[in-house]
Amino acid sequence: MKKLYKAYATKEGVPKSSTSHLHNTVRLFTPYAQNEQAPGDQATGMLPSDALQFNLDRVAAVEHLLKSVLLYTFNNSLPSPSALTCVCILAIRESGSRPAPLSCTLKNHKWMEIDVTSLLEPLVASSERSIHVSVNVTCHPSAQDGRLNMTLGVPPSLILYLNDTSAQAYHRWYSLHYPRGPAQGPDQERRGAAAAETPRLPRHLGGQERLSSGSTKPLLPASFNLSEYLRQFFSPPEECRLHDFRLSFRQLKWDNWIVAPHRYNPRFCKGDCPRAVRHRYGSPVHTMVQNIIYEKLDPLVPRPSCVPGKYSPLSVLTIEPDGSIAYKEYEDMIATRCTCR
């Protein structure tokens, strides 16, 4: 599971944009009971015939099964997949099916996966959470004089790749894959960013300039500095922006159930909101109106606040109360943009 986590997320727990998968939850279960039905033969490549029992109570009703594999981990390195032929016979008692051959895939010379999706999917969908698996695995080297030394390090584990279909999980998936609006393309985005950085001249100031051109008496004092005025109007000294706040889960005393990441930077927003809120903040018109009310009508009305306006998920590897291990992507855990509201 740690290797899976490193493939999906950075050290800080940010999901990697380069990964493409439909599942947002991965659960690993170890058998709570294991009965050896027949001994194995390491030399011939016959693994012990096992009867395994798994408790899947941690699988929620909103988590839909996409893929499931039975994972074998070997102590020693095995030949390459092209030099090895494996036959996997498996049956699940709850499905009522007879033992049948299933696909076996050798991974990294020390792992072997048996795809049990077709047998397990209807059981998980029907809320069956106690699973009894009977499995028999035999591997043969392609070379006639080849010999195997297959020893298991730990009992086989069951891995479920799930899709959390709750509203929050769907929002996370949509935001990662459709970051722009339906009518906004790259060119429009660049034009919007350029407009955000170009301050507009306040309407009342523009009116003063037009009046002064036709009048011999200047309306602005000689000491008036237009650049300084615009800087204070549009950019407060401590403007609203993102700040880092790095911490470890040990500080929160959560390290007993969070395996990864070790450190977390939620970030936070702090600073003053400009009197004229620029487009880059994504603030509604109501924010500008509230600012005018504060300055012109009633100082008891609070000024707009600097708050997070956009978040990204955090990938977390956790130990569940039943001892199983889960990979989850939690929504709205890292602030990525500030706004004024």
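Odds and ends about this structure:
- All positions within segment 111-150 that are open to solvent by 60 Å² or more (accessible area, probe 1.4 Å), modelled with pLDDT of 75 or more and in a loop (DSSP other than H, G, I, E, B): 126, 127, 128
- Scanning segment 10-40 for residues that are surrounded by 13 or more Cβ atoms within 10 Å (Cβ to Cβ) and at pLDDT below 60 turns up just one, 40.
- Within segment 294-310, the residues that satisfy the criterion of being farther than 12 Å from residue 339 by Cα and surrounded by 15 or more Cβ atoms within 10 Å (Cβ to Cβ) are 294, 303.
The values are calculated or read from the model by the stated rules, or taken from the named source; none is laboratory data. Since this is a predicted model, take the numbers as computed values, not measurements. Note that each Cβ is placed from the backbone with ideal geometry, even for glycine, and that neighbours are counted across all protein chains shown. In case anyone asks, the SASA skips ligands and DNA or RNA and just uses the protein heavy atoms, side chains included. Shrake-Rupley method; radii C 1.70, N 1.55, O 1.52, S 1.80 Å.
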